[in-house]
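The values are calculated or read from the model by the stated rules, or taken from the named source; none is laboratory data. Given the structure is predicted, the values throughout are model-derived calculations rather than measurements. Positions of Cβ are generated from backbone atoms using ideal geometry, with glycine treated the same way; all protein chains shown enter the neighbour counts.
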């Protein structure tokens, strides 16, 4: 598989992994959709395209819902900081604003309280059992869960790609900063590519 | 032992620490990756032909902050990014992408093998050298908590608050800072004691970290941090 990505054709060794690359959809709840406005709506349309493509190819799709069962699950300082947030707040999963803004189709859904979705979740276990080695990231918000989870995945040795038009931030400048430093230095955190580039590469593999 | 007033805080993006008062036993200074390979002439970044002026600019502020933290009696932790000599902890894609520059991790450079433990380039610059009793955490990734004993050692000592500085602001510093906040520590990033190769990346990352009240921790400038620490002398 080869996706026309920047700064190099992705993945680095052309190997998508035994069961195919995994699509990691993060965020995408009602609150984040509202807070990211038009950019968020546009991103979600591309998330849907990616999800359809991965499902059709029979490749793994993982959907992360950020939130807690109860605010008592947050340590006191995390809870106090969350109370200060005017935007991008961690919600209780039962809150209507925490409901997914897209349908997860056949995705494996997991919940996480931290922007780094590996913290305190079963994400690494799911990915290991699924034999996932390559991850394609999309969702909301670019500078929050998307970047933090991708950085941790990169540290863990996953080959990672950020889909630039299938992710969005509450501030366009934040989105642009993350894309730029992701690709810096021959892919500091991984590669970046458009939804069209990902789907074009998938069509060739099919 | 100094008297701690009820309102003892560092002036930051929020009065820090948020849930308790500033005290040496609960606070550590963590200095990230002030290694020759990043911020010294002849190190890896320099050998790649990148301008190290911005990274070098962090050396003096970090040294001042270390001095203030030592006088205040804080626990001091230094991190180094790098790998075992046999490279068993080096992700294949990380080795591959760094080799595309022409000089990858593990390869022989002018100051020894790049980012390999025990080599000169991997070690901390003399201006920021650890003292006896301070610890060094060697890490194979960007986040200081990934595949290290850092969290365990902080918890064992009852550390709740972390003052964070070092390089690079857009990579290992922000990764460690954010994870610290999400793991339940209260981190304070001293923005003028950190820097990146690209100043736009530095500025952009500082905006992200300080937005919306500080999603993962507090930010402050060096003078505010030193003023706060002096009260603990």
When you scan region A:145-170, how many residues do you find that are within 20 Å of residue B:200 (Cβ to Cβ) and facing chain B (nearest Cβ under 7 Å)? 1
Sort out for me the strands (runs of 3 or more DSSP E) sitting completely within region B:128-233 that have 3 or more residues that are within 14 Å of chain A (Cβ to nearest Cβ) and modelled with pLDDT of 95 or more. B:161-167, B:186-195
Of the residues in region A:46-70, those that are modelled with pLDDT of 95 or more and exposed (fewer than 14 other Cβ atoms within 10 Å of the Cβ) come to A:52, A:69, A:70
Return the residue satisfying two criteria in turn: it lies in region A:171-195 and is touching a strand residue (DSSP E or B) at 6+ places or on another chain (Cβ under 9 Å), within 11 Å of chain B (Cβ to nearest Cβ) and part of a loop (DSSP other than H, G, I, E, B), and of such residues it is surrounded by the fewest Cβ atoms within 10 Å (Cβ to Cβ). A:189
Given the criterion farther than 23 Å from residue B:206 by Cα, at pLDDT 95 or above and out of contact with any strand residue (DSSP E or B) (no Cβ under 7 Å at 6 or more places or on another chain), identify the matching residue among A:110, A:118. A:118
So which of B:178, B:70, B:155 ends up being without any contact (Cβ under 8 Å) to a residue 24 or more places away in the chain and more than 18 Å from residue B:35 (Cβ to Cβ)? B:155
